[in-house]
Structures are given as structure tokens and as C-alpha cells.
Amino acid sequence: MKAFRLHNPRTIEEALQLLEPERVSSLKTAVLAGGMDLVTELKEYLAQPDDIVNLKGIEGLSGIEAEPGGGVRIGALCTLARLEEHPVLQRTHAVLTQAAASVASVQIRSQATLGGNLNQRPRCWYYRNEESVCLKKGGTECFSYGGLNKYNAILGGGPSYIVHPSDLAPALLALDASVELVSRKGMRTVKIEKYFTLPSEGDVLRETALEPGEILRSVVIPPQKVWMRSTWLKFKEKSSFDWALSAVALCAVTDGKTIREARVALGGVAPVPWRAKAAEAALANAPMERKSFEAAAEAALRGAEPLSQNAYKIPLTKGLLIRALESLAG
Amino acid sequence: MSTQDKPKKKKVKVTRNENGHPVEVEIEVDDVDGPSWGPRAGHTLVNHDVPRVDGPVKVSGRAPYPHDIRLPGMLHARVLCARIPAGSVRLDLESARKTPGVEVVLDLEVKEIRWLGQPVAAVAATTPEKAADGLRALAAQFQAAGFAVTPEQALAPNAPQVTRRGNKGKESENGDAEAVKAALAAAAGTARAEYSLPVQHHASLETHGVVVDYSGGDEARIYASTQSTFGISEDAAEPLGLKASQIETISEYMGGGFGAKFGLGIEGLIACRLAKLAKRPVHLLLTRKDEFLAAGNRSGSRVVMEGGIAADGKLTALRAEIERHGGIGGGSHARQPYVYSVEKVHTKSYPVHTNTDGSRAMRAPGHPQASFAIESLIDELCYAANLDLLEVRKKNLANPTYARQLERVAREIGWYEHPHRTQPGRMDQRECIGIGFGVSTWGGGGGESCEVDVRIERDGSVTSSVGTQDLGTGTRTYVASIVAEEFGLGMDGVTARIGSSRLGNANASGGSTTVASLAPAVKNAAWKARMKFAEHLAPLLGTQKELLRFEKGELVDQQSGKRIPFAKACAMLPNEGLQARGTWVADLAGNGIQGAQAAKVRVDPLTGRVEVLKMVCVQNCGLPINRLTLRSQIFGGMVQALSYALLEERIMEPSLGLQINPNFEDYKLAGSLEIGEIVAIIDDEDTREQAIGVSEATIVPGHSAIANAVANACGARVRHLPLTPDKVLAALGKV
């Protein structure tokens, strides 16, 4: 990796002073938390910053706190291990703790942070391979489109066909969470649904609405309905340690016989965590039976446009959604 | 087998004092005519579970592997491997030399790049990071020429020429095509299919390389991650400008080889040249990416097979056209129909070359490829003729050992209670469970080469020394355990010294030949030492040497019944102690082993997930030298096959000419969650009193059994491994 200057601010204000928007924008300054993504990018020369601002020394950014009215606030530096092991969240927000538990390995989860997980860069092998100068790295072509695209997007793709690698993002989307972003100008709150950006919507070199110079400070989950139950199903090619081929985050309010309402988000299938609104509509007030689940699965994948090698993700994702619904009915 | 069982016991008449009267009795004495393993029941350490003597230092990280060696003044080297599959390169050597920390830059003067990953230059610097900076400063300008990185590209019309002999290599042909045609026409059931396997990597946890300890002068030491301690010094002599005898190779610990680590290799050669130029020690172990690109692999294969089966289950015809995908190398593929007997056979085999790294030996070269095609075809034929998968196998295996082993694995895996014995299950069942089988063979014999020295000091310490390497199989442990058993000692009574070319000679560890070559020599050395010991002590104790036995830490005179603690007996040795050298004894080694395996899987027809619930192996190997490490070898082979079945695959990017997955993130290896229950059964019905190597056989049939089990569960016949959900869902007609 290229040599760099390491800065260790003690407060968020100090950190913001170090984040000159132009330098962040031109990749000269990078932000470090758990380092699980950034360090691998440094080692592969995908990131070659001159300055790295380490947030780990900032206090008060790793808590999990109950908000008045039933919401939850989680600091961006909270490790995935801490999230996964939280006894209350395991009961009330199973989709989130299960998603955290499904990431990588124990060692990585003990270092990786919530903020880093949401802000990590794509895992597409064209992006990660130093020799291929793809669209995501300023090249002119998304090589996966006509190339090896088994792991790429079937929904929302173009001109880049990455899938967003975060497991926490679909879970938070299903929980209707927001992120709090701070900058020298102040603080703004953005819904997870708006935070992740499709390559067709904005800058193809970025995956989120995070502006240069901003820091993701915390995640806020709004109060959930009393009868809400949730689950997370992630399909990994290699169960021991892998990214999602496809994943389902499901939050549903049921009375045991009927699904009153549901929120469904998919991971591993689109450049952003993908909200399956058609599936939600199909599930609203539907009886809890296989037929409804199949209808929801069909609806969720309607409009999918597979590339040459990833059509399997359609039946796979449908199957996962059915299994997730079955487990809630269970 | 029976001829090998002849005991070398002999009876001698001795006069024994019983109740004050001299009585002449006949007693049985040990193998004074030469070493023999003796009866199975008589062992105290051999044929028992003996934990590895180096287990604690390995798991606690204290065992120094070549990667861990740090020497004063040592430089760290990096190799520049070609980032294009074909073409040429221009280097900026000056910039590299000017990079801070860089001490030496080596241009390998490669005129023409012929394969992706071909080493073209190297840099040695004071830290690994500075060496990496130096490589980047080389600012290599690669000028790409036309290339073929996939067999499809190589066989396309107007494909660029990969080797001077063309892209399709020499074809070998066997059998009678016409006879096969007639037999196929007369068969009760036929099947025709194409089976293919990807290139698999050795994926050793320690990458290839050496640390060269040379600082000028006329001596050098090489710490090598190698399968052949004695295969290094000679190769290193020329680049270091020394004689082989001036170079000691050390391989005390090494992190896996699986067939890819013989000889100094290009990386070792580069390290020697850099050390010679710098007159400083050089540490060169390949990066993981370079290991993937340039350190060998198991060749892939594509086989078109057609077979015929009679109504009674006899295999009557087989036609096979075999493509071997060994990159610029030839690849390997065992002859079809592998171990099965088929009445009429016609085969063709040829390599298809690509601009990629040449294949190397990998655990049972060619066997897993042959196994996958024939075991798959047999199941397809059984289903076509509505025949029992197990019975058809038994009927077509000439060696009766297989029928016995297959019945055992069938019982263990639950075959006789399984509903799908002649037809696969359907995907609409509630639970899709399938079973598959496979068989294997290997030689595992040994030969003359090892020289083992057993030394006993007067303080009772015993050392067993030989220059051999331990690939993780437990070699070091039996170098001690065989000697300990000979002297009636525990494992703490003998120290094994291995891993140096200054010690007695040893063969390279390849082809599962180590144990059959080395264990007899250890036994011989131990036996000779014991004979010498007895010879020296008998007159001092006033007894006959034949009557001295060593057991439970004591020397026992069978005449008087007197027992002397071992250390005390050693004190009676001459000042210089005692030393004996043993070499190979043909009678103590055997050759030829068989194994059968079965796998049980669950397939989720909704998602295509394959879960390996259980695998069973019954494996013979003559005399188990150490039952614990033997089972460990079986587990390892089965896990590697499982990983090959479910995940492993080198993936080449055909347009860019890259390997797209040269890392352990995208080249997926099975982890603990992929591995279900594994049962390793040592076939104790093999009563040969001979040491035979077992490693290779254990990797051969597992992936075939798993693929067959998937098809058996739900009809999803996947003919191209690995069994990833995209292929399983496609085979189920869902894509």
C-alpha cells in the first residue's frame, strides 16, 4: 500500500476539520473506522489516499440506545459483534441482529462497524481486481455486463451492475431506518431508502448520498408496530464466510392467520438494498399460506432483468422469500 | 497377502534356573533375522492413535515455517508476474533501483510472455512494503498479444497459437472404436454426456518460496517450503555459485504442498540470484495472488463419454474423448474406465493448451478427473436401465476388496433404507435426500532412498534422525514412534530430528511414497540399534543377546527375569553411546490400496442449496503406522474433495485475459460450515504387514459421490463442477 498520514481526532468536530470536501472527493483523504474495507482497498492499491482520518478514537459513537417512544439509535462505530449479541435487539429487531451475525467471520465482525458496513465499496471482482479499469474506477465500461456476471445485479442495474454488499442495509431498510450525517454545515437525516443511490441516478463512482466531508454518525430506527416480527435470510455460496448471492430482510405484522402489513428488502440482487414494494402490496392482508408467499415472491422479482449468467438469482430469491415467510408463519 | 504374513519369530533353547534347578526350555525370541512389523496385536505405538509430536508447537504458532524466518540484514523480495497472458514487457529498471529501500532489481530477460503470471522480474528491498513499491516503480509496460485463456478460446478457429506444437496437443488413442460401436448398439441401456471439471488450486496455506541465508562466502542455508528437502541444494548451487555440498536445505516445518512443491522452482531460483547479487539473506515467498497465477494447479478436464450397460448390470461399452486443460502444460487424466471393468473400451486423450500456468502434480493427479466422469456415467446408465447403483458398481469392479468396502460404506450411509436406489428422487418431495458412491485406487509404494540414524546416549536419550520433510501428514511423529516402540519406550523417550539435508537422505514426498519408503528404514534403524544394544549388553549381563527384550521402559533378560530400567541399561553402553543406520527393507513396504466412499446430501429445490450431510470412507492401507494421523489424512482428502465438489474453481476472464478470482475471497474453499459429518473407517480387513501411503486415494472419489448424491436426491444432474446454486437450479429446470 502507498504510504499515508494517519490522523487520530478525539472529537467529531476535529474529524470534520480534517475532512476537506475537495480532498475527500478526489480520494486524497479517506475515513477509517474498523478498516475491514479500507485496509483491503489500500492493500490492493484501489485506494491510495495521502491522509487517513481514523474515527475510532472518537467517544460516544458506538452506543446502542433506546429512543423515547420506542425507537433505537445506534452509533456508527458500533461493531457488528456488539450488534449481533445485543440481547434486546435479538428479540425486538431480529432482522438486524441476524443480518449482523451473517457477515463474514467472527474476527471481522469484532472489528467491523455499522457505519463501515453501510459505506463499504463494491465487491464486484472487476472492481476489486487492480488490472481491470472498470466503470466504478473511472473506466468506460462495466465489464460484468458482457462478462462474468454470476454475482451481479438482476434489479436496478445499469450502467453499473454491482450489487451492494452490505447485509445491514437491507435489514435497516426493512426497518425503515434513517442515517444521521454530520458535516461542518450541520446535521441532516436521510432515510436508508434514499441514502443508497442507483448508478443510473447519480455519480456512478459512489454508492451513497454521503457528501464529501460528511460523516455518518448514527443510525436511527423508528418505533415498530407492537406485533412486528422480523427475520433475515441470506444465501451464501460458501456458508462459512461469504457475501450474499441473495438475501431477504422481512418485517411483518401478523395476527397469526393474516399478514396485516409487511416490509420486504432484498440484498445481493441490486446496486442498492432493494425494497420489494410489489411484494409488500401482495402480502398486505394476505392469508399466511404458501399461495400468498408464492404470489409475493413472483411480485418481488417482477421486472428483474438478469444478465447472461445470473438468471438463477430469480428462482433463488423467490425461494428465499418463500422460506423467510414460512419461517415467520412457522 | 498370506506370503507377507510369515512371522519372523524364531524359537531358541535356553537353560533357565527354575527353583534352583537348571531347566532347558524353548522360548520364542524376537525377529533376530531382520526387522518385521510383527503381529498387529503386539504393537504399543504403531497401529495406535499417536498425537503428532509437533502438534503443540504448530497450534501455538511457535513452529517456525519458512515464512516466519527473519535473519539479520535480510531482504524481502517480490516477483513481478506477467499481468497479461501473452506478449512482451518493457521494464523501467532505473526507477525501481531508485525506490527507497530497494537493494537489488533483477530482470529475468523474458523475451516473450507465454502465460499469465509468468515471472518477468524481481525486486529485493529492506521491507516487504518497499519491495512492493519497487515492483510498482518497475512500471512494467505490458504489450499484449493475442491470447487464449480458456479452452474454448484455444479451440476457436484462428485462435492465437499458444505453444509451438499448436493448441491441441498430441492425441493418444486406446481400444477398438468399432467394437465399442457394436457393443453400444447391443446394450440394454446407454447414456452419453459431457462432463467437465474446472482447474483446481492446491491452495496450500503457505505459499511457495524460500529464505536464502547467504551473505557471500562459501556456505549457504536455504529454508524451504518444500516436499523435497533433498531436491533444493543441487538446484541452488549454480545460481549461488556454490557446490551443492556447501548448501544446507532446511525444511523443519512447511505449510502444505499437495504436489506443487518439488525442487527449487523459479521463485527459489530468483531468491538465490537476488541473494547472490546482494550478498544478503533474501526472503521470497510468493504473494497469494502470485501463488494462484504461477505456482501450479490441478488440470481441468472436459470429457465426452458414452457407455452401454447390459440388463444384468454388466458394463459392456465405453467411449471416451478426453480433453486435458493443463494451461501451457499437458494436464493429467487417469485412463478410463478408471478402476472399473468394461468389456469394450475406446478412448482418446489430448491436451488443449491455454496461455495460463502449467498444471502440476496435485494429490492423485488425474484420478479425481477420471473418477468424476466414470462415476457420473455409471449412475446415468443405472437410471437408464433401472438398476441399483451399488450393485452395478460391485458387479463391475474386478478387485473383490471394493465390493466389501462398498457394502460397508453403504451400511454406514443408510443405503439399504434409502428409497432411491434405482431411480433418482423427484424435486417435489418434501425433503430431497440423495446418496452417491465412488471408489479409488492408488499405489502408495516406496523404494530405496532413506537413511535413518538412531542414536542412543548413555544418559538414556534416544534420537531418530533423517532429513525428510513433514508435509503435515505426521512423518515426524512416526520417525520417533517406530523407534520408541522398538525399545519399549513411550513417545517422550525418543526425539525425532528431520528437515535438513545434512541428515540422512530421504525421498521427495510425492505420490504418497513417503511412508512406504521411510517407515521401513526407520524400523530397520531401530531394529539394528536394538540388536547392537543387546549384543553389547548380553555379555555384561551374562546372558544371550537373543534373550534381551525391551518393554515398558525396561530391559528384560528373559533368562533370569531380571529387569533393568532403560536409562540404567544405557549407562552400560560405551562412552560414545550407540548408533545404527537403517535403510529400506522391501518386505516392510507394500503397494496398492483401495477405498470406497459414499456421500449423503440434502438439496433445497427452491434455492438450489446443497448440504453435505454425511460422508463415509472405508480405506485400506496395509499396516496403519499411526491410526490418528491416518484418519486425519482421510478427513483431509475428503474435505478437499467436498470443497472441489461445492466451491472450488479457477475462473478466467476471457476478454481481459485475467484470472478474476486469485484470492481466498473469490476462489472459495470449504470452511467449517460446509463440512457435515465425516466418518473415516480404516479397513482393518487388510492384514498386510506393510507400510503403504494413503494420502492420494482419499481425495479421489468424494466430489463424484457428492455430485451423484445431488442427482440422486432430486434428479439435478450437474455435469460441470462445482455444484453452485446456479448450476443446481439450472439442472432442476428453474433457470
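The values are calculated or read from the model by the stated rules, or taken from the named source; none is laboratory data. Please read these numbers as outputs of a predicted model, since none were measured by experiment. So basically every Cβ, Gly included, is an ideal-geometry build from the backbone, and we count neighbours across all protein chains shown.
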* Asked: Tell me, which residue of the stretch B:367-396 that is farther than 22 Å from B:GLU321 by Cα and of a type outside the set (D, E, K, R) is surrounded by the most Cβ atoms within 10 Å (Cβ to Cβ)?
  -> B:LEU389
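One line per residue, one yes/no per condition, for (1) surrounded by 16 or more Cβ atoms within 10 Å (Cβ to Cβ); (2) more than 14 Å from chain A (Cβ to nearest Cβ); (3) of a type outside the set (Lys, Arg):
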site: B:LYS111; (1), (2), (3): no, yes, no
site: B:THR127; (1), (2), (3): no, no, yes
site: B:GLU152; (1), (2), (3): no, no, yes
site: B:GLY175; (1), (2), (3): yes, yes, yes
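Tell me, please, whether a residue that is touching a residue at least 12 places away in the same chain (Cβ under 8 Å) and away from chain B (no Cβ under 14 Å) can be found in the stretch A:138-148.
Yes: the stretch A:138-148 contains one or more residues that are touching a residue at least 12 places away in the same chain (Cβ under 8 Å) and away from chain B (no Cβ under 14 Å).
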* the stretch A:255-274, subset of a type in the set (A, V, I, L, M) and outside any strand (DSSP E or B), residue farthest from the other protein chains (Cβ to nearest Cβ) -> A:VAL272
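Let's see how each residue does on (1) free of Cβ contacts under 8 Å to residues at least 60 places away in the same chain; (2) out of contact with any Leu (no Cβ under 6 Å at 6 or more places or on another chain); (3) within 14 Å of another protein chain (Cβ to nearest Cβ):
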site: A:ARG184; (1), (2), (3): no, no, no
site: A:PHE196; (1), (2), (3): no, yes, no
site: A:PRO223; (1), (2), (3): no, yes, no
site: A:ALA244; (1), (2), (3): no, yes, yes
site: A:VAL253; (1), (2), (3): yes, yes, no
* Asked: Restricting the search to the stretch B:662-674, which residues are in a loop (DSSP other than H, G, I, E, B) and either within 12 Å of B:ASP290 (Cα to Cα) or in contact (Cβ under 8 Å) with a residue 12 or more places away in the chain (or both)?
  -> B:PRO662, B:ASN663, B:PHE664, B:ASP666, B:TYR667, B:LYS668, B:LEU669, B:ALA670
* Please indicate, with yes or no, whether at least one residue in the stretch A:115-130 is assigned to a loop (DSSP other than H, G, I, E, B), in contact with a Leu (Cβ under 9 Å, 6 or more places away or on another chain) and among the aliphatic types (A, V, I, L, M). => no
* Structure fact -> Taking the stretch B:650-670 and the residues there that are within 23 Å of B:ILE706 (Cα to Cα) and surrounded by 21 or more Cβ atoms within 10 Å (Cβ to Cβ), the one that is nearest to the other protein chains (Cβ to nearest Cβ) would be B:LYS668
* **Of residues in the stretch A:28-46 being assigned to a loop (DSSP other than H, G, I, E, B) and under 18 Å from the mean Cα position of the chain (by Cα), the one farthest from A:CYS78 (Cα to Cα)** => A:ASP37
* Asked: Do we have any residue at all in the stretch B:259-268 that's surrounded by fewer than 19 Cβ atoms within 10 Å (Cβ to Cβ) and assigned to a loop (DSSP other than H, G, I, E, B)?
  -> yes
* Could you please find all residues in the stretch A:275-330 being free of Cβ contacts under 8 Å to residues at least 40 places away in the same chain, among the charged types (D, E, K, R) and either within 14 Å of another protein chain (Cβ to nearest Cβ) or over 18 Å from A:LYS257 (Cα atoms) (or both)? => A:LYS277, A:ARG290, A:GLU294, A:GLU298, A:ARG302, A:LYS318, A:GLU326
* Asked: So which residues in the stretch B:88-109 are part of a strand (DSSP E or B) and surrounded by 19 or more Cβ atoms within 10 Å (Cβ to Cβ), if there are any at all?
  -> B:VAL89, B:VAL102, B:GLU103, B:VAL104, B:VAL105, B:LEU106
* Exclusive hit being out of contact with any Leu (no Cβ under 9 Å at 6 or more places or on another chain) and at pLDDT 95 or above, set B:ARG97, B:ARG52 -> B:ARG97
* Asked: In the stretch A:276-330, how many are outside any helix (DSSP H, G or I), surrounded by fewer than 17 Cβ atoms within 10 Å (Cβ to Cβ) and among the hydroxyl-bearing types (Ser, Thr, Tyr)?
  -> 1
* Sort out for me the helices (runs of 4 or more DSSP H) sitting completely within the stretch B:351-437 that have 2 or more residues that are within 30 Å of B:GLN153 (Cα to Cα). => B:367-385
* **Residue satisfying all of: in the stretch B:594-621; touching a residue at least 40 places away in the same chain (Cβ under 8 Å) and farther than 27 Å from B:LYS394 by Cβ; surrounded by the most Cβ atoms within 10 Å (Cβ to Cβ) among these** => B:GLY608
* Asked: Quick one: which of B:LEU646, B:LEU673, B:LEU642 is at the interface with chain A (Cβ under 9 Å from one of its Cβ atoms) and within 18 Å of B:GLY438 (Cβ to Cβ)?
  -> B:LEU646
* Asked: Counting just the residues of the stretch A:1-14 that are of a type in the set (A, V, I, L, M, F, W, C) and under 17 Å from A:ASP37 (Cβ atoms), which one comes out modelled with the lowest pLDDT?
  -> A:MET1
* Asked: Does the stretch A:15-22 include one or more residues that are assigned to a loop (DSSP other than H, G, I, E, B) and modelled with pLDDT of 95 or more?
  -> yes
* Asked: Quick one: is B:GLY474 surrounded by fewer than 24 Cβ atoms within 10 Å (Cβ to Cβ) and either modelled with pLDDT under 95 or on the phi > 0 side of the Ramachandran plot (or both)?
  -> no
* Please state which of the following conditions B:LEU647 fails to meet, knowing it meets all the rest: (1) touching a Gly at 6+ places or on another chain (Cβ under 9 Å); (2) under 22 Å from B:GLY256 (Cα atoms); (3) of a type in the set (A, V, I, L, M). => (1)
* Asked: What residue, of B:ARG688, B:ARG631, is basic (Lys, Arg), more than 13 Å from chain A (Cβ to nearest Cβ) and in a loop (DSSP other than H, G, I, E, B)?
  -> B:ARG688
* To do: Could you check A:GLY116 against (1) at pLDDT below 95; (2) more than 19 Å from A:SER230 (Cα to Cα) and say which number it fails?
  => (1)
* For the stretch A:227-241, enumerate the residues that are at the interface with chain B (Cβ under 7 Å from one of its Cβ atoms) and surrounded by fewer than 24 Cβ atoms within 10 Å (Cβ to Cβ). => A:GLU237, A:LYS238, A:SER239, A:SER240, A:PHE241
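Can we say B:PRO624 is away from chain A (no Cβ under 12 Å), part of a loop (DSSP other than H, G, I, E, B) and either of a type in the set (Ser, Thr, Tyr) or crowded, with 20+ Cβ neighbours inside 10 Å (or both)? Step through it out loud before you land on a result.
Details: away from chain A (no Cβ under 12 Å): yes; part of a loop (DSSP other than H, G, I, E, B): yes; either of a type in the set (Ser, Thr, Tyr) or crowded, with 20+ Cβ neighbours inside 10 Å (or both): yes.
Spelling it out, B:PRO624 is indeed away from chain A (no Cβ under 12 Å), part of a loop (DSSP other than H, G, I, E, B) and either of a type in the set (Ser, Thr, Tyr) or crowded, with 20+ Cβ neighbours inside 10 Å (or both).
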* To do: Scan the stretch B:692-726 for residues that are within 14 Å of chain A (Cβ to nearest Cβ) and touching a residue at least 40 places away in the same chain (Cβ under 8 Å) and jot them down.
  => B:CYS714, B:ALA716, B:HIS720, B:LEU721, B:PRO722, B:LEU723, B:THR724, B:PRO725, B:ASP726
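So which of A:GLU207, A:GLU201 is in contact with a strand residue (DSSP E or B) (Cβ under 7 Å, 6 or more places away or on another chain) and charged (D, E, K, R)?
Values: A:GLU201 fails: in contact with a strand residue (DSSP E or B) (Cβ under 7 Å, 6 or more places away or on another chain).
Exactly one residue qualifies, and that residue is A:GLU207.
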